[in-house]
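Read the structure below first, then the notes.
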Amino acid sequence: VTPSPPQNAAPSDLGEFRATVREWCRAHVPAEWRQAQTGASDEEFVSFQKAWFAELRRAGFAVPHWPKEWGGGMSAAEQMVLYSELAAHDAPRLVLAFVAIHHAAATLLAAGTDEQRLRHLPAILDGEIWVQGFSEPEAGSDLASLTTTARKDGDAYVVTGQKLWASGAMHADWCLLLARTDSGAPKRRGISYFLLDMRTPGIDVRPIRQATGESHFCEMFLNDVVIPATQLVGPENAGWQVAQQTLGAERGMTMLELSERLGHAGFRWLVEACARPGPGGARPLDDSLVADRLAIFETEVAGLRALSRRLVERHDAGTAGPADASIVKLYYSELLQRMMDYGSEVAGLAAHTELRKPVSSGWESGAWVLDFIGSWEWTIPGGTSEIQRTIIGERGLGLPREPVGR
Amino acid sequence: MSSDFAEVHDELRVVARDLLGKAGSGAGINWRLLAESGWLGLEAPAALDGADATFAEVAVVLEEMGRAAVRSSYLGAVVLGVGTLNLLERTPGRDELLRDTAAGAVVPAVALARGGDDIAPGEAPFRIERSPRGLRLHGEAAFVPDAPDAGRLLLLARDPGDTPVIVDVEPQAGGIGRTVQPVLDATRRFGLVTADGAEVPEASVRRFAGDPQACIRRLLDRAAVAVACDSLGLSEAMLDATVAYAGVRKQFGRPIGSFQAVKHACADMLVQVSVSRQLVSAAVQSLAGDGADTCVAASMAKSYACAAAVDIAGKAMQLHGGIGYTWEGGVHVYLKRAALNRSLFGSPAAHRKRLASRYGVPPGSTVSPAGLTAR
């Protein structure tokens, strides 16, 4: 018998690990959390997220992708087991800690000083929340054209400007900030990378309402905000390079979790929706066209999961290609969108009456139309699908660059 | 179609675009304004203060309503209400209701099916039962368009002799229940209508003027094509908005519309809009002219235009970038409406299934594919 996809060929130690995680999930995934988190207030969301993070941390499951010496050390295969079991048990996702455990950690590990790592990595484990302050109104896809400035003033920098799409800024303790330190240099050589304490005077955070009706994205206005020079990450004016280095790395880790979530929660719910009798009494699943679509999705999810695992393994081995992360991000986000689209279509009018989804849930929550609309949060931010295709064509395939005006 | 008609349509379109555009997307529209414009009674006979026009004129208004993503009871009151009244036997009561509807004095809603996604006549949602105290109405219909705001309910019911009839009731009547069914698309209103032993006076029972099944089928086709018109209009609005945005939003020192990734996506949207327009026009003409293959044209228009509209509004959200994903940006209003339209009065898959049921049936065969020929 040919083994099913490689990620399922579990050696016995992984089998044991899976049993451990499964047992842990049964004992610790809060009952009825979805109901409690539907329509939850900001305060309820934050306290629930922090409690769940602490629970995962006690079990050693909060930051499996970190190096062993900082509290992680799981292989890609083990992480897949962990994430698949969490998804299979409909566990809440770490929405609030997402930037802290992925983006912030990856940046500190790759480019931070020892002091910065010691200051923040243990703090993140204790619940420190981070936000990313990269995009601006006029610097979206063209991030390098950002105009927020950081002026050197003695042992500090004074920052002024506006950031946009800062997810969760209202709850954040710290911010990963890109600001221009040399306006005379070519645009990618005049940017610096900072760690900004969100309690610093001069920061004004305003939530923006999104297409789904939620408001986790924020505008951040920075007015003469003082950042000590010790909070610079990497050399001055090398912020773009630091960001490039860490963006891809962090993307691989997040994709592993999201792929397992899509496979073990998203796909399962889609099958369940199709197995539910419709208004006429028939199950959509009994229609061979529906069954065919589901089989296509299952196949695609299997491909995505294997692709995510390979990305993490190649990243750990230092052999990742320049477009590998873009391939996974593009494929994940568009597959998510197509699956949620299909869920909306199959679930019919009833899906339109689901006006709210549980906060703390995954990108797939079972509220199909809301999830479909929410899927643009994956095809637009973090480099749009159009930008990913350009990266894949140019950096991955070596095709000539598009002519770019300045 | 004569050029006279085309001119009339162009004029109607200009007026509608202006009037509905002023309301702004997602906004409600003053019903009196629609009545004064003559859009409620387009298909009502002149003798009842109507315009003696056809569904082709209604379709122009519907498309513009989709373009403006307007909130109104036009689907319930005109597409279904006037459409139903026109197919009923002429009685003083029916004439009075049609006249009042055309004048905007009464806003009816119609329940033809148990859910909002049927494409062919099925079991009537309501039934009239004899009781010692006279006739009583029982049943339930979900997703009845514009029922929450309606002043009159026209409910499809099976009479004691098993003939489908329309029961004309006041929403406040005893035994009649009406519950709002809120949906994500804030521009649409649906209601769950229930009847639990409501009294049915003889005068409230209205009979179809022709074969009831053929009439119901026609009404469902009307509804499907009306939704397709709406989707066509909203697709055009999304294409226009995206082209305008791509022309002014600059990244990398030039308008994003100058990048092929964006330009080609817009081109694909136009191709889809162009095909939608042809299929919708064919279905509208078939309905307006009592064409023979209305079911086929309706299914093609509904399945294609409503699926395309979701793609187009989705692409509009994508190409508007972050702004497209904000509430303020307004693209979500169109995406939600497009997604709802796709499910309303038959999913694309259901309509394609109806089309496919014709394949392989030998010419002259007595086999009648589901929902296609009169039974």
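The values are calculated or read from the model by the stated rules, or taken from the named source; none is laboratory data. Predicted model, so just to flag it, every value in this text is computed and none were measured. So basically every Cβ, Gly included, is an ideal-geometry build from the backbone, and we count neighbours across all protein chains shown.
Tabulated values for the structure
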quantity: Hits in the range A:186-211 (condition: of a type in the set (Ser, Thr, Tyr) and under 13 Å from A:GLN241 (Cβ atoms)); calculated: A:SER192, A:TYR193
quantity: Residue selected from the range A:355-376 under the condition buried (at least 24 other Cβ atoms within 10 Å of the Cβ) and at the interface with chain B (Cβ under 8 Å from one of its Cβ atoms), by the criterion nearest to the chain's Cα centre (by Cα); calculated: A:TRP376
quantity: Filter result for the condition that a residue is closer than 26 Å to A:SER385 by Cβ, under 21 Å from the mean Cα position of the chain (by Cα) and within 13 Å of chain B (Cβ to nearest Cβ), over A:SER333, A:SER344; calculated: A:SER333
quantity: Residue pairs meeting the criteria (Cβ under 9 Å; at least 6 apart or on separate chains; first more than 11 Å from every other protein chain (Cβ to nearest Cβ) and closer than 20 Å to A:ARG356 by Cα, in the range B:176-195; second outside any strand (DSSP E or B) and of a type in the set (D, E, K, R)); calculated: B:THR187/B:LYS336; B:THR187/B:ARG337; B:ARG189/B:ASP146; B:ARG189/B:ASP149; B:GLY191/B:ASP146; B:GLY191/B:ASP149
quantity: Neighbours by Cβ (under 9 Å, 6+ apart or cross-chain): first from the range A:103-129, at pLDDT 95 or above and in a helix (DSSP H, G or I); second loosely packed, with under 14 Cβ neighbours inside 10 Å and not hydrophobic (A, V, I, L, M, F, W, C); calculated: A:GLU115/A:THR230; A:GLN116/A:THR230
quantity: Some residue of the range A:279-293 being in contact with a Phe, Trp or Tyr (Cβ under 8 Å, 6 or more places away or on another chain), more than 13 Å from chain B (Cβ to nearest Cβ) and either under 14 Å from A:MET340 (Cα atoms) or part of a helix (DSSP H, G or I) (or both); calculated: no
quantity: One residue from A:SER308, A:SER326, A:SER375 being of a type in the set (Ser, Thr, Tyr) and either farther than 25 Å from A:SER75 by Cα or free of Cβ contacts under 8 Å to residues at least 24 places away in the same chain (or both); calculated: A:SER375
quantity: Number of the exception - B:GLY329 against (1) in a helix (DSSP H, G or I); (2) among the small types (Gly, Ala, Ser); (3) within 11 Å of chain A (Cβ to nearest Cβ); calculated: (1)
quantity: From A:GLY362, A:GLY343, residue being in contact (Cβ under 8 Å) with a residue 12 or more places away in the chain and under 20 Å from A:TYR83 (Cβ atoms); calculated: A:GLY362
quantity: A:PHE217, sole failed condition from (1) within 14 Å of chain B (Cβ to nearest Cβ); (2) over 30 Å from A:PRO137 (Cβ atoms); (3) among the aromatic types (Phe, Trp, Tyr); calculated: (2)
quantity: Positions within the range A:377-399 being more than 9 Å from chain B (Cβ to nearest Cβ) and of a type in the set (D, E, K, R), in sequence order; calculated: A:GLU394, A:ARG395
quantity: Residue within the range A:107-122 that is surrounded by fewer than 16 Cβ atoms within 10 Å (Cβ to Cβ) and within 21 Å of A:VAL46 (Cβ to Cβ) present; calculated: yes
quantity: Residue that is farthest from the other protein chains (Cβ to nearest Cβ) [pool: residues in the range B:267-290 that are buried (at least 19 other Cβ atoms within 10 Å of the Cβ) and either of a type in the set (Lys, Arg) or farther than 16 Å from B:GLU63 by Cα (or both)]; calculated: B:SER286
quantity: Given (1) on the phi > 0 side of the Ramachandran plot; (2) away from chain A (no Cβ under 14 Å); (3) not aromatic (Phe, Trp, Tyr), number of the condition B:GLY253 does not satisfy; calculated: (2)
quantity: Unmet criterion (only one of (1) in contact with an Asp or Glu (Cβ under 8 Å, 6 or more places away or on another chain); (2) more than 7 Å from chain B (Cβ to nearest Cβ); (3) assigned to a helix (DSSP H, G or I); (4) not aliphatic (A, V, I, L, M)) for A:HIS352; calculated: (2)
quantity: Selected residue (criterion: surrounded by the fewest Cβ atoms within 10 Å (Cβ to Cβ)) from residues of the range A:378-402 that are touching a residue at least 12 places away in the same chain (Cβ under 8 Å) and small (Gly, Ala, Ser); calculated: A:GLY396
quantity: Selection within the range A:165-199 - more than 20 Å from the chain's Cα centre (by Cα) and among the small types (Gly, Ala, Ser); calculated: A:ALA179, A:SER183, A:GLY184, A:ALA185, A:GLY190, A:SER192
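Conditions tested, residue by residue: (1) in a helix (DSSP H, G or I); (2) in contact with a Pro (Cβ under 9 Å, 6 or more places away or on another chain); (3) at pLDDT below 95.
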site	(1), (2), (3)
A:ARG309	yes, yes, yes
A:ARG314	yes, no, yes
A:GLY321	no, no, yes
A:ALA325	yes, no, yes
A:LEU330	yes, no, no
A:LEU335	yes, no, no
A:GLU364	no, no, yes
